[in-house]
Amino acid sequence: MSFPVCEHHGGRLHEAARRWGIPVSDWLDLSTGISPFGWPVPVLPASVWQRLPEEDDGLAACCRHWLAVPADAGCLPVPGSQAALQLLPRLRTPCRVGVPSPGYREHGLAWQREGHSVVSLSFEQIDAALPDLDVLVCINPNNPTGHLYSLDTLLRWHQQLAEKGGWLIVDEAFLDASEGESLVSHCGKPGLIVLRSLGKFFGLAGVRAGLVLAPMALCAALDERLGPWALSHPARWVMTQAVQDREWQQQQRQRLRQARRRLNGLLAQSGLFPQGDSDLFAWCLHDKAETIRNSLARQGILVRHFDKPGALRFGLLGNENDEQRLLLALQALPV
Ligand SMILES: Cc1ncc(COP(=O)(O)O)c(C=O)c1O
């Protein structure tokens, strides 16, 4: 199995600082899909820092209400969707798993680590591969391409997998900032697992909070493996407030849409052709992608570079100064 060649993750500023000889504080980091506009975290009550978290604190109920989770589905807060995607492969005996390519590599790595046989699939290859798979992972919208899967397609794949005891895992980490439809209303059905994240749309990647929506028994099995207090009390408190703040979420959708439009305009002016249906990042295919990444890095602007196909992923710009800085850097490109 081969994964597309790329840097391991975005957001590794300390590594970039060492590699390019530019201090951490001087970088404009566009290498992640994390919103530059974070949910405004208030001062936390002292008891939240001092006391252990309690599972019946109302967080799960708030999340159920936020996403209108069906009553017969499990709803498990987790320390980031990463924690869940790493544990899911431990709940199955060795099987055949399809992961998206290009796509967030951690899915494939997690299944591979637990001894499963993993195949990387482009969107077009999935239908033909499905009869030979037990588990299919889809990222909706996909990171890094921003490709959106239709609900009908996902439900059809789920049906095919569930009939033979298989799983469809839909990673909706970036869904809040897109026109895509969530599968949450179908959760509770055997073999359907949906992952959500507080890191991207809410801009709270540091808090490490996410959600698993899946059959009750599967959530219980994950919960058992996570053990007590996996999600910190501050993380639970912040998540409870953020998911209830509908007004901010509404404004955030508009903010992200506008920021994505401005980013598109800026990239298009510079001969790059932004694609993808996530408002949190733009995907640009380019045969000189590596040269562009290097040139931007020398100017202290960090973007994600992908190989095969050559492409760049740009995160959103948080203010006009940063927009101006990227524009000037793009105009100075040697390509
Ligand atoms: C597609 C996708 N899913 C899940 C994650 C994990 O995010 P978190 O653990 O912050 O929820 C990431 C992180 O970049 C991601 O890109």
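What follows is calculated from the coordinates using simple rules that are stated; it is not laboratory data. Just so we're clear, the structure is a prediction, and the values are computed from it rather than from any experiment. Reconstructed Cβ throughout: ideal geometry from the backbone, glycine too, with neighbour counts over all protein chains shown.
Once C-alpha pairs closer than 8 Å and six or more residues apart are averaged by separation and normalised to the residue number of segment 1-119, the relative contact order reads 23 percent.
Among E114, E106, a tally of other beta-carbon atoms within 10 Å of each Cβ gives an order, fewest to most, of E106, E114. For A311, nonlocal amide neighbours, meaning residues 5 or more places apart or on other chains whose placed amide H falls under 5 Å from its own, are H286, F306. Between the helical axis of 320-331 and the longest alpha-carbon principal axis of the chain there is an angle of about 60 degrees. Structure remark: mean-square fluctuation, Gaussian network model of the chain, C-alpha springs under 10 Å; the largest value among A214, A162, A259 belongs to A162. Based on Cα atoms of the chain, Rg over Rh with Rh as the Kirkwood radius reads 0.97. Distance from the Cα centroid of segment 103-129 to that of segment 214-284 is 23 Å (rounded to whole angstrom). When each of the peptides 95-102, 149-156 is scored by the mean number of other C-beta atoms lying within 10 Å of its residues, the order from highest to lowest reads 95-102, 149-156. Here the relative contact order of the chain, from alpha carbon pairs under 8 Å that lie six or more residues apart, stands at 25 percent. Comparing G315, G300, G146 in a Gaussian network model of the chain (Cα springs below 10 Å), the most mobile by mean-square fluctuation is G300.
Please report the antiparallel percentage of DSSP beta bridges with both residues in segment 54-244, rounded to the nearest 5. The antiparallel fraction comes to roughly 35 percent. Counting neighbouring beta carbons within 10 Å and listing from fewest to most, the residues K200, K288 come out as K288, K200. Neighbour counts of other Cβ atoms within 10 Å put H14, H9 in the fewest-to-most order H14, H9.
Once you divide the Cα radius of gyration of segment 60-217 by 2.2 N^0.38 Å, the number left is 0.95.
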